Amino acid sequence: MNRLKPLLFPFCGFMIALFICTLILVAAGERYSILLESFYNTFFTHFGLGYALFYSTPLVFTGLSVAVAARCGLFNIGAEGQLYIASVALTFVATHLLLPIPLAIPLAIFAAMLGGGFWGGLAGFLKARMGSHEVIVTILLNFIAYSLTDYSILYLFRNPEVQNPESLEIFQSYRLPLLSDLSALVGLETFSTTPVNVTLFFAVLCAFLVHFFLFSTEKGFEVRAVGFNPKASKFNHISVEKNTILAFVIAGALTAGVAVNEIMGHQHKLIQGFSVEYGFTGIAVALLARNNPIGILFSAFLFGSLHNATREMEFMSEKVTKELSFILQALMIGFVASERVISEVLSRRGKKHV
Amino acid sequence: MRLILVSFLFLSFSLSAKPFKVGLVLDKGGRDDKSFNSAAYNGANDLQKKLGFDLKVVESSDDTALEPSLRTFAQHGYDLVIGIGFIMKTPIEKVAKQFPKTHFLIIDSLVALPNVRSVIFKEQEGSYLVGAIAALASKTKVVGFIGGMDIPLIRRFEMGYKAGILATQPKAQLITNYVGSSTDAWRNPTKGKELALSQISKKADVIFQAAGASGLGVFDAAEEKKVFAIGVDSNQNWVKPGKILTSMVKRVDLAVSTTIEESMKDQFKAGEFSVGLAEGMVDYSLDEHNRKILTPEIEKVANDLKKKIIEKKIIVPDYYETNKK
């Protein structure tokens, strides 16, 4: 029972949020079942679940990115910029080097990690050596990253056939299979027409790897030690500078997953502005999971499915506008995150009875 | 037993009387850009009031929402799915392949699939006319052009516009600016206004904007500095009456409504449709809002040129063609 507790309270919060959102929707003149229908479509149809998982995948990576930095006492607002630099590096490799699959895929992933890691490391370096605050540095680096991405798309590998600024298509050998393709091999039809791809498995793997790194390795312990108490770490010969840079390099490298999901798994090209602020939503994902890598899997899925459910709702209703759906989304997240308040109220009540 | 029979009858009736469903996906400009997207929205909406089919309009807040939106429409059994703008090209290509029974319409881009109709407007012809009008109405003989996103489509406007200016005023000077190189360039009225003000400070007194919602900033600048602006896509003369010399009208509304009508009658025709002045799908606009500022002399010249273009005595340079070589 005690093991289930951390999941129980967010679930209660979710149910309360569901109830309140339904009240709002009914007040707006909508049928009372619409929210349930949209969640039904999200969780119980191949189409909805496929998209929910597809939206969740990048959020796992950015959530992990923010969490690793946070464990080291750093606030990484730069995941958005890091994932763009990772995308540029990946696209550059995947549009220029024609390689066979066993070489191509690891190389492209490595290039993306290098790109993201470099951009993250830059922020870490500035923080560690120059003492500039990482929040400001990462925000500013984001803007530089956007412009560099625009420049690369327009001048390095632009597809001249298309009006929209986007890169050339990546070579065939760099493309990752969709889950629907994989299941078709064994004669099943799952998630058909949705873009959810094998990057999802990478995401789950990464969450466990990060968990292992943080809690079962010496390096991970050092990173956390710096996060807990930099001064004490220094006295114990744990370098604050090195670990700051290391945490930021890992944080940046993790955002490579977003590029892999989008470019190798889905679009097969780099499109300007493809990230729907994944980097920033990652902050909320990590906060909700309290920087626990395994918890991030769940919170990313919550955000991903909410994103899909609100999108579904817009199609089912005349009255739910984009703005209203944002409000509903915010309410849901707010209630799930307020588990502390709820658990406190519950425990107080328990004490009274005793 | 009777109840079952009746309900069965009712069910089969309700199934056979399934309403025709149209899904419309607008780009970032949104339904209230008073220009390109508004034209599409009004075309579908007005026809919906007349014929009463199911119409659902979705605006995309970001570029990644386009494909899921189109796909959700197809998945939910919509009969006709309409994508407004060149940015829909790749998403429609993907989705139309997966749903070969659904009809698609795309504006401003070519998708060669058996269930997609692509409507491409000859923007250069309409731009040529407003270029001629601008040059004739200008006192300083300096005219401006403000494009939204710097892409071949908008360069096509600019090229036609320039040809029209030079045809009537060979010595006139054209100042060109673009709002940006990303899709945000369509909804940045602040920058639109800044660019217009800088052009006005260089003595431009007629400015043609092809910049989506950013163009509304150009109108503000024109009103403030008492110069003329030229609208685009929709007839925008009413937005600032007396300040907007004319509008280069692109009948996106007609393209949308005729496609819906044909699709409803099972007469949907796929393929590429390139339409211009001759089909009445692009034009310059003249109504009570600009009657006083567009003089009859200018009107006469414009109509002459229009006739010559339709009769193919004037061939307006096309950016797409000139850049192919």
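What follows is calculated from the coordinates using simple rules that are stated; it is not laboratory data. Since this is a predicted model, take the numbers as computed values, not measurements. Note: ideal-geometry Cβ built from the backbone for every residue, glycine included; neighbour counts use all protein chains shown.
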Scalar couplings 3J(HN,Hα) for the range A:220-237 by Karplus 6.51 cos²θ - 1.76 cosθ + 1.60 (θ = phi - 60°), nearest whole Hz, x for Gly and Pro, are x, 4, 4, 4, 5, 4, 4, x, 5, 7, x, 5, 4, 4, 4, 5, 9, 6
5 Å is the cut-off here: which amide hydrogens, built 1.01 Å from N in the peptide plane, fall below it relative to B:SER109, excluding neighbours closer than 5 in sequence? B:VAL119
Ranked on Cβ counts within 10 Å of their own Cβ, fewest leading, B:ARG31, A:ARG348 go A:ARG348, B:ARG31
What is the calculated FRET efficiency for A:ILE16 to A:LEU205, with r their C-beta to C-beta distance and R₀ = 41 Å, to the nearest 0.05? 0.75
Which residue, A:VAL285, A:VAL88, A:VAL26, tops the fluctuation ranking in a GNM of chain A built on C-alpha contacts under 10 Å? A:VAL26
Amide H within-cut-off set for B:MET248, under 5 Å, with H built and near neighbours excluded: B:GLY231, B:VAL232, B:ASP233
Nonlocal amide H pairs with B:ILE84, under 5 Å, H built at 1.01 Å: B:VAL25, B:ASP27
Counting alpha carbon pairs within less than 8 Å and at least 6 residues apart, what relative contact order, in whole percent, applies to chain A? 35
Sequence order, the range B:227-242: Karplus ³J(HN,Hα) from phi using 6.51 cos²θ - 1.76 cosθ + 1.60, θ = phi - 60°, Hz rounded, Gly and Pro as x, gives 10, 9, 10, 10, x, 9, 6, 8, 6, 9, 3, 6, 4, 9, x, x
Exposure proxy order (Cβ contacts within 10 Å, fewest to most) of B:ILE230, B:ILE84: B:ILE84, B:ILE230
Can you give the calculated 222 nm mean residue ellipticity of the protein assembly as shown, where each DSSP H run of n ≥ 4 adds -39,500 (n - 2.57) and the sum is split over every residue, rounded to the nearest 500 deg cm²/dmol? -18500 deg cm²/dmol
Inter-site label distance for B:ASP54 and B:THR295 at 7 Å from Cα along Cβ, in nm: 5.7
Using only the Cα atoms, work out Rg/Rh for chain A, with Rh taken as the Kirkwood radius, to two decimals. 1.00
Note the per residue figure in Å³ for the convex hull of the C-alpha positions in the protein assembly as shown. 221
For chain B, the longest principal axis of the Cα atoms and the Cα long axis of helix B:152-168 enclose an angle in degrees, to the nearest 10, of 40
When a/c reaches 1.5 or more, the comparison of a/b and b/c decides; with that in mind, is the range A:213-296 rounded, prolate or oblate per its Cα gyration tensor? prolate
Estimated vicinal HN-Hα couplings, Hz - the range A:322-329 in sequence order (Karplus 6.51, -1.76, 1.60; Gly, Pro = x): 4, 5, 4, 5, 5, 4, 4, 4
For chain B: rounded, prolate or oblate by the Cα gyration tensor [a/c cutoff 1.5]: prolate
Out of A:TYR32, A:TYR55, A:TYR146, any idea which swings most in a Gaussian network model of chain A, alpha carbons joined below 10 Å? A:TYR32
Would you order A:SER317, A:SER299, B:SER127, A:SER33 from fewest to most other beta-carbon atoms within 10 Å of each residue's own beta-carbon? A:SER33, A:SER317, A:SER299, B:SER127
Report the charge-dipole magnitude of the range A:154-224 in Debye, nearest 20, computed about the Cα centre from +1 at each Lys and Arg Cβ and -1 at each Asp and Glu Cβ. 200
Computed FRET value (nearest 0.05) for A:ALA330 with B:THR140, which takes r as the C-beta separation and R₀ as 60 Å: 0.70
Assign one of three labels to the range A:213-354, namely rounded, prolate or oblate, based on the Cα gyration tensor with a ≥ b ≥ c the square roots of its eigenvalues; rounded applies when a/c is under 1.5, prolate when it is not and a/b is larger than b/c, and oblate otherwise. oblate
FRET efficiency for A:LEU36 and A:LEU97, Cβ-Cβ distance as r, R0 = 51 Å, nearest 0.05? 0.55
Residue (of A:LEU297, A:LEU214, A:LEU25) at the positive-pole extreme of chain A, dipole from beta-carbon charges: A:LEU214
Eight or more residues apart or on different chains, and alpha-carbon atoms under 17 Å: count the Lys pairs in the range A:60-293 matching that. 7
In nm, the gap between the two label points placed 7 Å beyond Cα toward Cβ at A:LYS322 and A:ARG348 is 4.1
Ranking B:ALA112, B:ILE315, B:ILE200 by how far each Cα lies towards the positive end of the charge dipole of chain B (+1 on Lys and Arg Cβ, -1 on Asp and Glu Cβ), the top one is B:ILE315
Given the options B:GLU158, B:GLU59, B:GLU262, which has the most mean-square fluctuation in a GNM of chain B, springs set between C-alpha atoms less than 10 angstrom apart? B:GLU262
Set B:LYS122/B:LYS312; A:LYS319/B:LYS240; B:LYS21/B:LYS265; B:LYS141/B:LYS308, cut-off 20 Å on Cα-Cα distance; pairs above it are A:LYS319/B:LYS240; B:LYS141/B:LYS308
Simple spin-label estimate for B:LEU254/A:ASP181, 7 Å along Cα→Cβ, in nm, reads 4.4
